[in-house]
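The values are calculated or read from the model by the stated rules, or taken from the named source; none is laboratory data. Quick caveat, the model's predicted, so the values are computed rather than measured. Positions of Cβ are generated from backbone atoms using ideal geometry, with glycine treated the same way; all protein chains shown enter the neighbour counts. Please note that ligands, DNA and RNA were not included when accessible areas were found on the heavy atoms of the full protein model with its side chains. Shrake-Rupley method; radii C 1.70, N 1.55, O 1.52, S 1.80 Å.
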Amino acid sequence: MITLKEALKLNSDDIKKLRENLALKIKENDTGAYVEQLTNSDVTTSGEGIPIAIKDIINVKEWNITCCSNILKGYVSPYDATVIKNLRENGLSPFGRANMDEFAMGSSTDTSCYGKTLNPHNPNKTAGGSSGGSAAAVAAGIAVAALGTDTGGSVRQPAAYCGVVGMKPTYGRVSRYGITAYSSSLDQCGPITQNVEDAAILYDIISGHDSMDSTSANVNYEAVAPKLNSEKKLKIAVIDNFVEQASPAIKAAFEKAVKAYEDAGHEIVHKNMLDTDKILSSYYIVATAEASANLSRFDGVRYGNRKGESGLKDMYIQTKSQGFGDEVQKRIMLGSFVLSSGYYDAYYIKAQKVRHLIKDEYEAIFKDADLILSPVAPTTAPEFGSFKTSLEMYLSDIYTISVNLAGLPAISLPIDKDEDGMPIGLQLIGRAYDEQTMFDGALALEKAVNYSK
């Protein structure tokens, strides 16, 4: 597949051919990366620009946007999200609805109401989640690039599982206007691409202040891609107690990355952080509390397919029971519980205090380092059905969620493969609003390890 950098040099006739060929490839492919593949329909398009796959949680005018949930089937978006507007202004166009976990709640893209997305490297294994469709599309060569959303690792984890690059911007750097909210203080839209440079290009296009989003950061912004520098020498921190919990394959890839950095003249410093179980607890309390509030609008009155004919209470119960899947219902109930009278102080307030501690710990580490190198997940992509409980699924996010709690930028890139040929990705975490250093460090690592697809 042509890279985004190469596609931006094409003339209108070549872009038209690219779009036609891509539509055919999507139809022939069976990974389930796109909703259209799972519904046996033609790929959804808008505009005539360079095609970019769009996660089914991002509003595109006149598209059926469902967040892969039964409750939103039939909804047609009346407007473009700001990130879509930014794509159009730069010669890019939405092309295909990427499959996802329902309302972005999941780590495997198998809670979608349309069906599951398969990992292009092994169809028996998950593509990760919740942006599994976006990552699988890029990995399978049926997308030039894609947009996903990252609440607790939902761009970086599927990118790592599928062997592509996934980037989560600093909170507030990319507008959330027009992106259906899961957890408003954690969500960020980010690029999934074939390489680091493409990720920088797409990040430059979608980022910037937006008056339509009250959480958008009104700070000075300079484009990252034109100033990429892989030769800059950096201090890279390693969180030793994080690495201890990873599988042997992940540890081996991690050691490979550390050696590659050292051989290239970068300095490695060793640090420790708060226990991951405390980070996990804090994240799922904050995320589910905000989710229960955000999803309350899907009640059959304001939004959602209306069910039930025996009065208002019956309508609420039937609409939500039939519209939401099990995982979404579980998170709504957990969120409602931690916000309820008598439990708010015991759980939600404590979780916010731990969140503050996490942010303080990152700031302390960044006094001695430019970037942090960390695993993305404890293992490579697991097989479907390997998670026996929701808690097991949540544990696959132990390395990514602290980044969202602290509002920092991070990027996942492929480093190696395990003995079964499954990709292993690692992430680099940067200071808030310092995406330039993060991309420079990622480009240096990409060149040093020379990952082979």
Inset, instruction - Have a look at D440, D416 and point out the one that is open to solvent by less than 40 Å² (accessible area, probe 1.4 Å) and of a type outside the set (F, W, Y). - result: D440
Legend entry - Pair list, Cβ under 9 Å, 6 or more apart: segment 419-442 residue on the phi > 0 side of the Ramachandran plot, other residue of a type in the set (K, R) and open to solvent by 10 Å² or more (accessible area, probe 1.4 Å): Y433/R173
Legend entry - Hey, S93 over 22 Å from S184 (Cβ atoms) and in a loop (DSSP other than H, G, I, E, B) or not: no
Inset, instruction - Considering every residue within segment 283-300, establish whether at least one is out of contact with any Cys (no Cβ under 6 Å at 6 or more places or on another chain), without any contact (Cβ under 8 Å) to a residue 12 or more places away in the chain and farther than 28 Å from D418 by Cβ. - result: yes
Legend entry - Subset tally (residues that are open to solvent by less than 70 Å² (accessible area, probe 1.4 Å), within 24 Å of the chain's Cα centre (by Cα) and within 22 Å of D277 (Cβ to Cβ)) for segment 325-355: 7
Inset, instruction - Answer yes or no as to whether T389 is of a type in the set (S, T, N, Q) and without any contact (Cβ under 8 Å) to a residue 12 or more places away in the chain. - result: yes
Inset, instruction - Determine, yes or no, whether V269 is outside any helix (DSSP H, G or I), open to solvent by less than 30 Å² (accessible area, probe 1.4 Å) and modelled with pLDDT of 95 or more. - result: yes
Inset, instruction - Answer yes if at least one residue in segment 226-244 is open to solvent by 10 Å² or more (accessible area, probe 1.4 Å) and without any contact (Cβ under 8 Å) to a residue 24 or more places away in the chain, and no otherwise. - result: yes
Inset, instruction - Count, please, the residues in segment 358-395 that happen to be β-branched (V, I, T), surrounded by 13 or more Cβ atoms within 10 Å (Cβ to Cβ) and part of a loop (DSSP other than H, G, I, E, B). - result: 3
Inset, instruction - Taking S69 as meeting all but one of (1) small (G, A, S); (2) within 27 Å of V174 (Cβ to Cβ); (3) out of contact with any Cys (no Cβ under 9 Å at 6 or more places or on another chain), write down the number of the exception. - result: (3)
